[in-house]
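Comments concern the structure below.
What follows draws every value from the coordinates through simple rules; no lab data is involved. All figures in this text were calculated on a predicted structure; none of them were measured in a lab. We place every Cβ from the backbone using ideal geometry, glycine too, and count neighbours over all the protein chains shown.
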Amino acid sequence: MTTLRTMTTQTTPEAADITALREALADTLRQQGDIRRDCVADAFRTVPRHVFAPQASPVEAYADDAVITKTNDRGHPVSSVSAPWVQARMLELSGLGPGMRALELGSGGYNAALLAEVVGKDGEVVSVDIDPEVTERASRLLAQTGYDDRVTVLCADGTYGAGELAPDGGFDAIVVTAQAPDVPPAWSAQLAENGRLVVPLSFRGIHQVFSFEHEDGHLVSRGQTRCGFVGMQGDNRHGGHTIDLSDGDVRLGLSDDQQADGEALRAALAAGQGSTVWTGVVLRGSEGVLPSLDLWLVSTLAPCARIYASARGVERGLSGWTIAAAATWEAGTLAYLTIRPAADGFELGVHAYGPERERLAARLADRIRAWDDGGHRGSVEPVARVYPAGTPDDQLAPGQVIDNRYSRLVIALP
């Protein structure tokens, strides 16, 4: 997940120090495996990232971390220079190279300059953002760094891609740099036949970057990575709804196509008659397998959503943690993940409330054990397919179906 950092006062070291910071960042991304191709490495060695984060110190600008560039009136970030490792991975997933045409949805300037370096002087880059302050800033900084004649900046709703600026034959890559809940039809239509759409998708509370290609009238994922972005604005902004289940201490987050009987679930938690099943599956130390488990559960369990617990909810024993945890439900029964300390880490378990709590807890626990026993731990990469909204069920590939405004998303294990 991308970590956002607020900006501090800029200092100005010698140009040689700036070059050293830029070289060090490129070397770090190579060593981490985020950069694999020379054209991507050369882009990071060339583009002056500190110019696109002018209120950050150069050391912060070249750290492998994101920098917030704009917040809304509630202090929430709405625009940022993404973390370099995220940008590098998305550039690799895009497959872009010299002479290609790229569309960036979600502007800021720096990533557009990286794209311009990768496609070269014979390539084409269009960068779109709905916020005029963001596009003005991007245009100004691209001009300051000499990329204004290589990047076309457009203030528009990225839901509709590049509009009239879309080239005949489409873009070789469309790179979305904001969290998207859906894939609008314009993105598929403006993607070249052999092009790639790289987009951070949100579904069932999960944030995953997919690289899609055309296949038989729909899109299919060919690669992916894990990270988070600020949410899209415009006609493809996030929806969903949250149900408060216990005085704000436990909330169930649902997608637009999901429903739950909130009154019955609140009554189940209020009754206080819970069941807990411990799975014997242990997360060891800082083992980063929860994203893998989340994807496994979304691919194999329906319904599946996320429970959010407050610190007081943890104190009340309603949850083992305050981070989002996978949940399933049935009528007035709810089951969701929890943890407890174990000798060499934390053991995964299931809390359940309601009349069918023992059965539902056992069902979710069995899914966790299957993930652990079946060789999927830490390595599962489900295949995502995007079909146009209205596609009949019998024309969908097997898997869990998520119905969105613009598309039908199918998630399945390979």
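Identify, among Ala352, Val386, Phe44, the residue whose Cα sits farthest towards the positive end of the charge dipole of the chain, taking +1 on the Cβ of Lys and Arg and -1 on the Cβ of Asp and Glu, with the dipole about the Cα centre.
So the residue furthest toward the plus end is Ala352.
Nearest 20 debye, what's the magnitude of the dipole of the range 14-136 about its Cα centre given +1 on Lys and Arg Cβ and -1 on Asp and Glu Cβ? Write out the running numbers ahead of the final one.
Details: 11 positive and 20 negative charges, 57 e Å.
It comes to approximately 280 debye.
Match the structure shown to one of the listed values (i) 25, 57, 18, 0; (ii) 26, 53, 21, 0; (iii) 26, 59, 15, 0 of P(r) over Cα pairs in 20 Å bins from 0, in percent, computed from it, and give that label.
Here P(r) over Cα pairs in 20 Å bins from 0, in percent agrees with entry (ii).
Can you give the extra length, in nm with one decimal, that the chain gains between Arg37 and Asp366 once fully stretched, where that is 0.36 nm per residue apart less the Cα-Cα distance? All intermediate terms of the calculation are to be shown ahead of the outcome.
Working: separation 329, 0.36 × 329 = 118.44 nm, distance 4.15 nm.
Gain in length upon complete extension: 114.3 nm.
How big is the charge dipole of the range 144-298 about its Cα centre, in debye rounded to the nearest 20, if each Lys and Arg gets +1 on its Cβ and each Asp and Glu gets -1 on its Cβ? Intermediate results must be reported in sequence, preceding the final value.
On the way: 9 positive and 21 negative charges, 128 e Å.
Charge dipole, the range 144-298, about its Cα centre: 620 debye, nearest 20.
With a Förster radius of 45 Å, plug the Cβ-Cβ distance of Thr19 and Arg312 into 1/(1 + (r/R0)^6) and report the FRET value to the nearest 0.05. Each step should come with its number before you reach the end.
On the way: r = 50 Å, r/R0 = 1.12.
Working from the Cβ atoms, E equals 0.35.
What length, rounded to one decimal in nm, is gained on full extension from Ala397 through to Glu136, with 0.36 nm per residue of separation minus their alpha-carbon distance?
Details: separation 261, 0.36 × 261 = 93.96 nm, distance 4.31 nm.
Additional length available on full extension: 89.7 nm.
Looking at the range 313-375, which trypsin sites (Lys or Arg not before Pro) are in a loop (DSSP not H, G, I, E or B) and have at most 16 other Cβ atoms within 10 Å? Before the final figure, lay out each step's value.
Working: sites: Arg316, Arg357, Arg359, Arg363, Arg367, Arg369; in loops: Arg316.
Taking the range 313-375 and a limit of 16 other Cβ atoms within 10 Å, the loop trypsin sites (Lys or Arg not before Pro) found are Arg316.
Among Pro181, Pro392, Pro132, which one shows the biggest mean-square fluctuation in a GNM of the chain, springs joining Cα atoms closer than 10 Å?
Pro392
Under a Cβ-Cβ cut-off of 13 Å, what is the net charge of the residues other than Pro185 that fall near it, where Lys and Arg count +1 and Asp and Glu count -1? Write out the running numbers ahead of the final one.
On the way: positive: Arg405, Arg408; negative: Asp182, Asp235.
It works out to a net charge of 0.
Counting each DSSP H run of 4 or more residues in the chain as -39500 (n - 2.57), what helix-only mean residue ellipticity at 222 nm follows after dividing by all residues, to the nearest 500 deg cm²/dmol? Walk me through the intermediate numbers first.
Working: 11 runs with 113 residues, N = 414.
It lands at -8000 deg cm²/dmol.
Based on the mean of other Cβ atoms within 10 Å per residue, sort peptides 150-160, 327-337 so the most packed one is first.
Values: 150-160: 20.2, 327-337: 23.8.
Listed from highest to lowest mean packing, they are 327-337, 150-160.
Could you give the dipole magnitude of the chain about its Cα centre, charging the beta-carbon of Lys and Arg +1 and that of Asp and Glu -1, in debye to the nearest 20?
Details: 36 positive and 54 negative charges, 182 e Å.
Dipole magnitude for the chain comes out near 880 debye.
Cut-off 10 angstrom, C-alpha nodes, Gaussian network model of the chain. Which of Asn404, Asn194, Asn72 fluctuates the most?
Most flexible of the set in this elastic network: Asn72.
So what's the net charge close to Pro388: Lys and Arg +1, Asp and Glu -1, counting the other residues with Cβ under 13 Å from its Cβ?
Details: positive: Arg385, Arg405, Arg408; negative: Asp182, Asp216, Asp403.
Neighbourhood net charge equals 0.
For Gln258, what charge total do you get from the other residues with a beta carbon under 11 Å from its beta carbon, if Lys and Arg give +1 and Asp and Glu give -1? Intermediate values should be presented prior to the final figure.
Numbers: positive: Arg204, Arg306; negative: Asp256, Asp257, Asp403.
For residues surrounding Gln258, the net value is -1.
Once amide H atoms are placed 1.01 Å from N in the peptide plane, what residues at a sequence separation of 5 or more from Ser407, or on another chain, have their amide H within under 5 Å of its amide H?
Placed amide hydrogens put Val183, Ala389 under 5 Å from Ser407.
Given the Cα-Cα distance of Glu164 and Arg359 and 0.36 nm per residue of separation, how much length would full extension add, in nm? Kindly include the intermediate steps, with their values, before the conclusion.
On the way: separation 195, 0.36 × 195 = 70.20 nm, distance 5.51 nm.
Fully extending the segment from Glu164 to Arg359 adds 64.7 nm.
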